[in-house]
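For reference, the structure is listed below as C-alpha cells.
Every number in this text was worked out from the coordinates using simple rules, so none of it is lab data. Everything numeric here is computed off the predicted structure, so don't read it as measured data. No Cβ is skipped: glycine too gets one built from the backbone with ideal geometry, and neighbour counts run over all protein chains shown.
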There are 2 protein chains.
Amino acid sequence: MLIIKKIKISYTEIIVFGTLVIILSGALLLSLPISSKSGIVTPFIDSLFTSASAFCVTGLIAYDTFTHWSLFGQLIILLLIQIGGLGFMTVITLFSMFLRRKIGLKERRLLMESANTLKIGGIVMLVKKIIIGTFLFESMGALILTLNFYPEMGFKEGLFYGIFHSVSAFCNAGFDLMGKYGQFSSLTAYSNNFVVNATVMTLIVSGGIGFVVWDDIISSHACFRKLQLHTKIVLVTTTALILASSLLFFVIEADHSMADMSMGERMLASVFQSVTPRTAGFNTINMNEMSEGGNLLTIILMIIGGSPGSTAGGIKTTTFITLLAGAWASAGQSSDISIFKRRLETDTLKKASAITVIYMSIALIAIILISTIQEFPLKEIMFEVFSALGTVGLSLGITPSLNALSKIIIALLMYGGKVGVLSIAAVVAEKKEPALLSRPHEKIIIG
Amino acid sequence: MLIIKKIKISYTEIIVFGTLVIILSGALLLSLPISSKSGIVTPFIDSLFTSASAFCVTGLIAYDTFTHWSLFGQLIILLLIQIGGLGFMTVITLFSMFLRRKIGLKERRLLMESANTLKIGGIVMLVKKIIIGTFLFESMGALILTLNFYPEMGFKEGLFYGIFHSVSAFCNAGFDLMGKYGQFSSLTAYSNNFVVNATVMTLIVSGGIGFVVWDDIISSHACFRKLQLHTKIVLVTTTALILASSLLFFVIEADHSMADMSMGERMLASVFQSVTPRTAGFNTINMNEMSEGGNLLTIILMIIGGSPGSTAGGIKTTTFITLLAGAWASAGQSSDISIFKRRLETDTLKKASAITVIYMSIALIAIILISTIQEFPLKEIMFEVFSALGTVGLSLGITPSLNALSKIIIALLMYGGKVGVLSIAAVVAEKKEPALLSRPHEKIIIG
Ligand SMILES: [K+]
Ligand SMILES: [K+]
C-alpha cells in the first residue's frame, strides 16, 4: 500500500512537471518570429496561451490559427495537439520503445494511471494499441477530409488541411485552419457538407469514448452482453446524450441559430452541436446566435464531457452516470447503487462526488475571479471557464479580449482540466495517515 | 422495517396533499375581492403564485404586497408564512394539543421526519419547544422593529409592520410591506438603519439554523465541546459562509451596487447581502445594480441555503459541508470522511450527493424550460429558478413578467423546495426490493 502511495505522488509530480516543460517549450517555439505569418515575435503570454490550449487539446484561441501563425507555427500546434491527445506517458513509452529500452515495473504502474485503465497486466500492449488505433483513425479521417478539400484547395493544401483537422478532431482539440473563410469561423462554412460533418463527428466520438472501450469492444467481438460494465455505461451514455441533446437543440434553436437552415441542415447542425461540446470545440453554427437555453445546454454538455482514458475532458460520462444512479438509489431507499444489474463498488460514488465538487469549485472560483478582473457578462464568462476547464474550446467570443491575468487563469483551467482536477487537488490536500479506525462516528442531518 | 417503509410512504402522501390543500385554500381566499386593495378579483394563477410563495416561505411576488393586497389579503399571507415556517406537521400537532388529543406513535414518527430531528424520544417536547421558541424570537423581533417603525408610522401601522416583518424574517419568507416607499423595493429604504438591519439579520440567521441546533445549544449550555457534531457543523459553516461572502461582496461590489455608499453602510450592506440569500430574500441594495460576480455569489449562496429542520431552504449547510469533506478525503486518499475528528456515517455522503444531484437536475430542467417558453436573459432565469427552488425570494425583476406557464413552473419549484427534492424524487422513484445481495459488483473508471 505504502509503495503504491509513494509512486502515486511521484506520478503526479512527473505529470505536473513534464506537462509544464512541454507547454513552456511549445510557448517558446511559438514566440519565435518564424512561427508567425507576419514574422513578428508573438507576445509570450499569447504563445503560452496557445501552447497550453493546444497541448491540453482545448482549442480556445486568442489569435485565429490560420491568420496569425505561419506553417511552422501551425505544425508546432499540430505536434502539441498530437502529444496532448496521446497523453504524456504514452509518448514517453513510444520513445522508450523506439530506443528499445526495457519498460520497468514503475513505468508500467505510471502508464496504468495515465491510461486510466482497469487491467494491471498488458499495459505496454495497451499503449501499442493506443498508438496504432490513433494512427488508423487519424489517417482514415485525413484521407476522407483530403478528398473533400482537394477539389477546392488542390493537393498540397488539401492534404495538410485533411491531416490537421483529422488529428484535431480525433484528439478533441478543436483547432482549425478555417480562418481563410473568416476569422474564428470554425466549421460554419461546412455546416451543410454532410461528409465533413459526419467524418469530424465520427472522429470526435471515436476519440472521446476512450481506448479502454475500443479495446473491450474488439476483444468481445462487439457483443453487447459480453462487454465490461464500464464499456456498456460509456456506450449507452454517449448515445443517450447525443440523441437527447440533438432533439433538444433541434427544438430550442428552431427560431434562433438554426432559423435560416433547411430541415436537413438543421438536423445535421443539431447532431453536430450535441457532439461538439463533449469536448471537441468545433462549431458549425454561430455560437452567439444561439438561444439562452441552447447556451445552457452546451454548458451542461461541456461539464459532462467525454469518457475516462480518452482525449476528451469534463467530469466524464461515468462520473455523471454514477451521480445519477446514486441519486436514483437514494430516492428509492436502496442501499446499493446498481447499473445494468451490477453493483458499483462503494468508493465509486465517493470519487465521482469528489471530482464533481472539486471541478465545480474550481470553475466557480475562476468565474468570480474573472468577473472581478474584467467587465464581461456572466454568461460569457461561465461559458469561457467551463469551456477551458472541460478542454472544449467553444467560446462566445471573449477569448481575444481577455487581459493577461484572465489569460493566465484560463490557461491554468485548461491545464487543470487536462491533468485532472483530482490530481491537482491531491497535490494540495493533506496526506491522511492510513486507518484512523479509532475515530468515533456520528450522524448528522442531511437535506 | 416494512412497517416503517409503509409509514414513510403515507408520510410523503400526507405532506404532499396537506401542503397542496393549504396552498389552494390560500389561493382561493386571496382571489376574493376582499383580499385586494382595489376590491377586484385577483386572477387565480396570481393568487396561487402568491399563496405558494407565502406558504413555501419563498417571497417571490408577481404583485407588490403593499400595493396590491388589502389588510385582509396581507393577513392571509402572514398566516400562510407562519404555517409554512412552523411546518405542516408542527401546526397539526399544535391543534391536537389544543384539542387535548393524545398524540399516537404514528404521528410521532411523522413528526420526527417532519422536524428532521436525530432523536426518536421527546418529539412532542421538541414541537412544544419549536412553538415556544418561534413565539419568543418573533415577539422580540416584532418589539424592536415596532419601536423603530413607530415614530414614522404611528402605533397601529408600526405594530403591524413590526409583526409582519419579524415573522417574515424569522420564517425566512422575505415578504415585506415596503412597497409604500416604492414597489418591489424590499428593505432598500432601510439600508443604513443599523437596528433594522441587525434585527432582521438576527431573525433570519436564528430561523435558518434550525431548532435541533437551538435545542442542543441550550441543553449543552452553549459549551462548544459538548455540542453534537451536527450543531458544530451548522454553527461553524454558517459563520464561515457569512464572513467569507461578506468580505467578497465588500470587495466585488465596491464599484457596483455599493458605489454610492459610505464605508459603514457598505460594511452593513455586505453582511446583509451575505445573510439574505440563505434563504431570506430581503435585499437592502438594488439587485439589478449588482456586479456579475456578485450575482453569481448570490446564486451560490442561494443553492447552499440554510440548515436542516429550519425555516430555510436550499441543499442545506450540512449537505454542502459533507460534499466538501468528501472531496477533501478523496483528494487525500483517505477512506473515511471526517469532520471535527468524527467520522461521518457511510450513507451520509450518498444522501448529500443525491440531494445535490436531484436539486441541480430540477433547476437546470426548469431553466431550459423557461428559457424556451419566454425570451429572458439566461442570468435572470437562473437567478429566478434558484431563488424559487431555494425558497429565497430574491429576483432580478422578471417575476411580474412571467407568463402563466412560467408562473406554474416557478410555483412548482417553490413547492419542491419546501417539501424537499428528495421527498419529491421518492414519489417517482421505484421502490427497491430490500437486499439484492446476489447482484455481483464491478469496477468502473471514474474521472
Ligand atoms: K477541445
Ligand atoms: K425566502
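Between the listed residues A:MET153, B:GLY393, A:ILE131, the Cα displaced farthest toward the positive end of the dipole of the protein assembly as shown, a dipole computed from Cβ unit charges relative to the Cα centre, is found at A:ILE131.
Over region A:306-365, the alpha carbon radius of gyration divided by the compact-protein estimate 2.2 N^0.38 Å works out to 1.19.
Averaged over the residues of A:355-366, the number of partner chain Cβ atoms lying within 10 Å of the residue Cβ comes to 4.
Close amide H partners of A:SER36, meaning residues 5 or more places away or on another chain with modelled amide H under 5 Å apart, are A:SER70. Inter-copy label distances at A:ASP347, shortest first and taken from points set 7 Å along Cα to Cβ: 2.3 nm. For region A:294-416, count all C-alpha to C-alpha pairs, find those more than 24 Å apart, and express that count as a whole percent of the total. More than 24 Å apart: 35 percent of the Cα pairs in region A:294-416.
Between the helical axis of A:317-331 and the longest alpha-carbon principal axis of chain A there is an angle of about 50 degrees.
Here, chain B has an Rg and a Dmax of 21.7, 73 Å when only alpha carbons are counted. About its Cα centre, chain B has a charge dipole of approximately 2160 debye under the convention of +1 per Lys or Arg Cβ and -1 per Asp or Glu Cβ, with nothing else charged.
Averaged over peptide A:316-324, the number of partner chain Cβ atoms lying within 10 Å of each residue's Cβ comes to 3.
Around the amide H of B:ARG343, modelled in the peptide plane, lie the amide H atoms of A:HIS441, A:GLU442, all under 5 Å away and 5 or more residues distant in sequence or on another chain. Each copy carries a label point for A:PRO151 at 7 Å from Cα along the beta-carbon vector; from one copy to the others these points are 8.6 nm apart, nearest first.
Think of the protein assembly as shown as a dipole: +1 on every Lys or Arg Cβ, -1 on every Asp or Glu Cβ, centred on the Cα centre; then among A:LEU86, A:PHE164, B:ALA254, A:LEU86 lies furthest on the positive end. Mean per-residue shielding of peptide A:223-231 is 2, counting Cβ atoms of other chains within 10 Å of each Cβ.
Relative to the longest principal axis of the Cα atoms of chain A, the long axis of helix A:292-304 makes an angle of roughly 50 degrees.
For the rotation that carries chain A onto chain B, the axis lies closest to a Cβ at A:SER353, 2, where the number is the distance in whole Å.
Kirkwood analysis of the Cα pair distances in region A:331-397 returns a hydrodynamic radius of 14.4 Å. Each residue of region B:413-426 is assigned a 3J(HN,Hα), and the resulting list reads 5, 4, 4, x, x, 7, 6, x, 5, 5, 5, 4, 5, 4 Hz, derived from the Karplus form 6.51 cos²θ - 1.76 cosθ + 1.60 (θ = phi - 60°), x at Gly and Pro. Measuring from centroid to centroid over Cα atoms, what is the spacing of region B:193-233 and region A:164-191 in Å? What the calculation gives is 57 Å, centre to centre. Rounded to the nearest 10 degrees, the angle from helix A:44-55 to the longest Cα principal axis of chain A is 60 degrees. Overall shape of the protein assembly as shown was characterised from the C-alpha gyration tensor. The equivalent ellipsoid obtained from it has semi-axes of 51, 31, 25 Å, in decreasing order. Stokes-Einstein at 10 °C, 1.306 mPa s, Kirkwood radius from Cα pairs: D for region B:276-342 in µm² s⁻¹? Calculated translational D: 116 µm²/s. Looking at the protein assembly as shown alone, DSSP beta bridges between its own residues are antiparallel in about 60 percent of cases.
Only Lys, Arg, Asp and Glu carry charge here, each on its Cβ (+1 for the first two, -1 for the last two); on that basis region A:125-218 has a dipole of about 120 debye about its Cα centre.
The dipole here belongs to the protein assembly as shown: it is taken about the Cα centre, uses +1 on the Cβ of Lys and Arg and -1 on the Cβ of Asp and Glu, and is about 4160 debye. Comparing A:ALA363, A:THR317, A:GLN74 along the charge dipole axis of region A:2-426, the residue lying farthest to the positive side is A:THR317, per the Cβ-charge model. For region B:157-242, the C-alpha radius of gyration sits at 1.32 times the compact-globule guess of 2.2 N^0.38 Å, with N the residue count.
Neighbour counts of other C-beta atoms within 10 Å: give me B:SER387, B:SER338, B:SER38 arranged from fewest to most.
Neighbour counts put them in this order, fewest first: B:SER38, B:SER338, B:SER387.
B:ILE373 to B:LYS37: extension gain in nm, 0.36 nm per residue of separation minus the Cα-Cα distance?
117.8 nm
Listed cross-link partners B:LYS128/B:LYS351; A:LYS37/A:LYS407; B:LYS128/B:LYS226; A:LYS37/A:LYS316; B:LYS316/B:LYS341; A:LYS180/A:LYS379 are compared with a 32 Å cut-off, the Cα-Cα value being larger for A:LYS37/A:LYS316.
Using equal-weight Cα scatterers in the Debye expression, the normalised intensity of region A:174-333 in log10 at q = 0.08, 0.10, 0.17 Å⁻¹ is -0.26, -0.39, -1.02.
Can you work out D for region B:199-253 in µm² s⁻¹ from Stokes-Einstein, where Rh is the Kirkwood radius over C-alpha pairs, the temperature is 25 °C and the viscosity is 0.890 mPa s?
199 µm²/s
Across region B:127-136, in residue order, what do the Karplus-derived ³J(HN,Hα) couplings come to in whole Hz, using 6.51 cos²θ - 1.76 cosθ + 1.60 with θ = phi - 60° and x for Gly and Pro? Taking θ as phi minus 60°, the curve returns 4, 4, 4, 4, 5, 5, x, 4, 4, 4 Hz for region B:127-136. Each label point was placed 7 Å from the Cα along the Cα-to-Cβ direction; for B:PHE72 and B:ASP336 their separation is 6.3 nm.
Shown in residue order for region A:219-230 are the 3J(HN,Hα) couplings computed by the Karplus curve 6.51 cos²θ - 1.76 cosθ + 1.60 at θ = phi - 60°: 6, 9, 6, 6, 8, 4, 5, 7, 5, 5, 4, 4 Hz (x for Gly and Pro). With its label point defined 7 Å out from Cα along the Cα-to-Cβ axis, A:VAL16 lies at 5.0 nm from the matching points of the other copies, in increasing order.
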